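For reference, the structure I am asking about is given below.
The values are calculated or read from the model by the stated rules, or taken from the named source; none is laboratory data. As the structure is a computational prediction, the values presented were derived from the model and not from experiment. Quick reminder, even Gly has a Cβ in these numbers, built from the backbone with ideal geometry, and neighbours come from all protein chains shown. Remember, those area values only see protein heavy atoms, side chains included, never the ligands or the DNA or RNA. Shrake-Rupley method; radii C 1.70, N 1.55, O 1.52, S 1.80 Å.
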Amino acid sequence: MATPSGHLAETIPLRLQDTPAYLNFPGEQGHVRYGEGVMVGYRHYVTAERDVRYPFGHGLSYTTFATTDLTVTATGPDTAQLTVTVTNTGSRTGKHVVQVYVATTAGPVRRPARELRAFEKVELSPGETRTITLDLDRRAFAYWDIGEGCWVVAPGDYTVQIGHSVTEIVAEQSVTLAGESVVAELSLQSTVGDWFDHPAVGAQFTELLHSVMGAPASEQSDHVEDGMKMARGMTLHQFAGFLPAALPADRLDELIKLSRATS
C-alpha cells in the first residue's frame, strides 16, 4: 500500500463567517470591494489567529518525519539560502513536503504573519536522512510598494520557518537583509508616521509639531506622546485638524521640498 503524501493547497475553515471575504462578498449594488487586500486564503487565518478545521499545507502519512539543523544564510542584500535536514523516523518509505515560510514586520506595509515562499518534496526510506538546500530570491522577502510601482525588499530581520503546515512550525531561524531603502516624497496626504519616520525630515517635523503643541518635547506629557503615536496612521491633513494651532504652511512646504530632494 502506498504512503499518502498530499498536502492541502487551501484552508478548510470552521465557519463561512471566518473566511476573509465574508464581509465583502458578494458586494452590493453591482460592486465587490476586495477589502481583504493581501490577507487572502491562509494569510488571513494565520494572521487573524482563526481556528480552522484543516490548515493550509496539512497532510497525513503512514510514516513520520523529523526536521533538524536549519541554517539560513544571506547570499546578497535581498536573497538567502537555507539548508535543512529531514529524517524519516517511521517504519515505511514515504514522501515529505518541506514547506518554507517567511515571516517579517519589515517595511511600511502590513505583512501576513507568514507566507509560503518555497517547498520541495523528498522521498525517504525508513531511517534515511537527507539535507535539502533551497535558494530564496528577492521575491521571497519583497512587498509591493505602491509609490514606487515595484517589488521592494525592506531592510530588516526576516524569520525563515519550516512547517508541516502553515500552523505547525517545526524550525525557524532569522536572517538580516540589507534590502533597499525607499525614501518617499511627503505631502499632506502622507501619514503622520511617514512624516515622523522620514530620515531627512522626521526630526525637524517632530520639533515643529512640539512647538505647535506649546511646549518642547522634553516637557510634553505622556498623554500627548501617546496621542501622537495613535495618530501615526492618519494623514497629516486629517491630523492637523486636531492640533491646538495651525502648522505653518511655509514651514511644511520647506519640509516637503526637502523630502523630494532626498527621495
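Which value does Rg/Rh take for segment 1-78 over its C-alpha atoms, Rh per Kirkwood?
Result for segment 1-78 is an Rg/Rh of 1.14.
On a 0 to 90 degree scale, rounded to 10, what angle separates helix 249-262 from the longest Cα axis of the chain?
The two axes meet at around 40 degrees.
Restricting things to Cα coordinates, could you compute the convex hull volume per residue of segment 116-220 in Å³?
Details: hull volume 18.5 nm³, N = 105.
Once divided by residue count, the hull of segment 116-220 is 176 Å³.
For a quick check of understanding: with a 1.4 angstrom probe and all protein chains in place, what accessible area in square angstrom does LYS229 have, to the nearest ten?
Near enough 140 Å² of accessible area.
Any idea what the dipole of segment 146-212 comes to, in debye rounded to 20, about its Cα centre with Lys/Arg Cβ at +1 and Asp/Glu Cβ at -1?
40 debye
What dipole magnitude, in Debye to the nearest 20, does the chain give about its Cα centre under +1 on Lys/Arg Cβ and -1 on Asp/Glu Cβ?
Rounded to the nearest 20 debye, it is 880 debye.
Using amide H atoms built in the peptide plane, which far-off residues or other-chain residues are under 5 Å from GLY90 H to H?
Here THR64, GLY127 satisfy the definition.
Which residue, PHE25, PHE141, PHE65, has the most motion in a Gaussian network model of the chain that connects Cα atoms within less than 10 Å?
PHE25
Follow-up. Calculate, for the chain, the solvent-accessible area per residue in square angstrom, rolling a 1.4 angstrom probe over the heavy atoms of the protein chains.
57 Å²
Once you have the Kirkwood Rh of segment 134-173 from its Cα pairs, apply Stokes-Einstein at 20 °C and 1.002 mPa s and quote D in µm²/s.
Estimated diffusion coefficient is 179 µm²/s.
Moving on. If the viscosity is 0.692 mPa s and the temperature 37 °C, what translational diffusion coefficient in µm²/s does Stokes-Einstein give for the chain when Rh comes from Kirkwood over Cα pairs?
Calculated translational D: 150 µm²/s.
While we're here: Determine the dipole magnitude for segment 20-151: charges of +1 sit on the beta-carbon of Lys and Arg, -1 on that of Asp and Glu, nothing else is charged, the reference point is the Cα centre, and the result goes in debye to the nearest 20.
Working: 14 positive and 14 negative charges, 58 e Å.
That gives a dipole near 280 debye.
With a 1.4 Å probe and every protein chain kept in, tell me what percent of the accessible surface of segment 124-184 is carbon plus sulfur.
Carbon and sulfur together cover 47 percent of it.
I need the peptides 9-16, 233-240, 96-103 ranked by packing, meaning the mean over residues of other C-beta atoms within 10 angstrom, with the highest value on top.
96-103, 233-240, 9-16
Based on DSSP H runs of at least 4 residues, each adding -39500 (n - 2.57), what is the mean residue ellipticity at 222 nm of the chain after dividing by all its residues, to the nearest 500 deg cm²/dmol?
After summing the helix terms and dividing by the residues of the chain, the value is -5500 deg cm²/dmol.
Let a ≥ b ≥ c be the square roots of the eigenvalues of the Cα gyration tensor of segment 1-136; is it rounded (a/c under 1.5), or, if not, prolate (a/b larger than b/c) or oblate?
oblate
When only the heavy atoms of the protein chains count and the probe is 1.4 Å, how do MET213, MET230 rank by accessible area, highest first?
Result of the area sort, largest leading: MET230, MET213.
Now, a different point. May I ask for the angle, rounded to the nearest 10°, between helix 202-213 and the longest principal axis of the chain, with both axes built from Cα atoms and the value confined to 0 to 90°?
50 degrees
Carbon and sulfur together cover what percent of the accessible area of segment 1-98 at a 1.4 Å probe radius?
With neighbouring chains kept in place, the figure for segment 1-98 is 53 percent.
Residue by residue, what Karplus-based ³J(HN,Hα) values in Hz, rounded to whole numbers, does segment 123-138 have, using 6.51, -1.76 and 1.60 with θ = phi - 60° and x for Gly and Pro?
Computed from phi, the couplings for segment 123-138 are 9, 9, 7, x, x, 6, 10, 9, 9, 10, 10, 10, 9, 10, 7, 5 Hz.
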